[in-house]
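Notes follow the structure.
Throughout, read-outs are computed from the coordinates displayed, never taken from laboratory work. All values derive from a computational prediction rather than experimental measurement. Cβ sites come from the backbone with ideal geometry, for glycine too, and all protein chains shown count toward neighbours.
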Amino acid sequence: MSYLIDIDIDWNEEDESGLPWTFADRAAFPERIRPGRFVIAGRGSAVAVAEIVDRHEHGVVHLRAVAGSIEDNAHLLAGPRHRA
């Protein structure tokens, strides 16, 4: 199943924080990328619901994937989701 991705991330890219990271400008709507929100994140077949842990002023965003399927975690997502 395909989902509209809120933010593109390579889950294998971790920095010294131990968390996966990406840039806010890789989000469909960068202004919605705020700590504490939950989004659909990933790329290809590696897609998950994730919590936005932080967003730095230079654009780096750290995410934490939530265990379970997107369907199981849909209640965490802000706003409606659409399948692509």
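Things worth noting here:
- Take each peptide in 40-50, 6-16, count the other Cβ atoms within 10 Å of every residue, and average; sorted highest first, the result is 40-50, 6-16.
- Helical contribution to [θ] at 222 nm, DSSP H n ≥ 4, -39,500 (n - 2.57), averaged over the chain, rounded to 500: -500 deg cm²/dmol
- Convex hull of the chain built on C-alpha atoms - directionally averaged projected area, nm²: 5.2
- Model label sites at Arg34 and Tyr3, defined 7 Å from Cα along the beta-carbon direction, differ in position by 2.1 nm.
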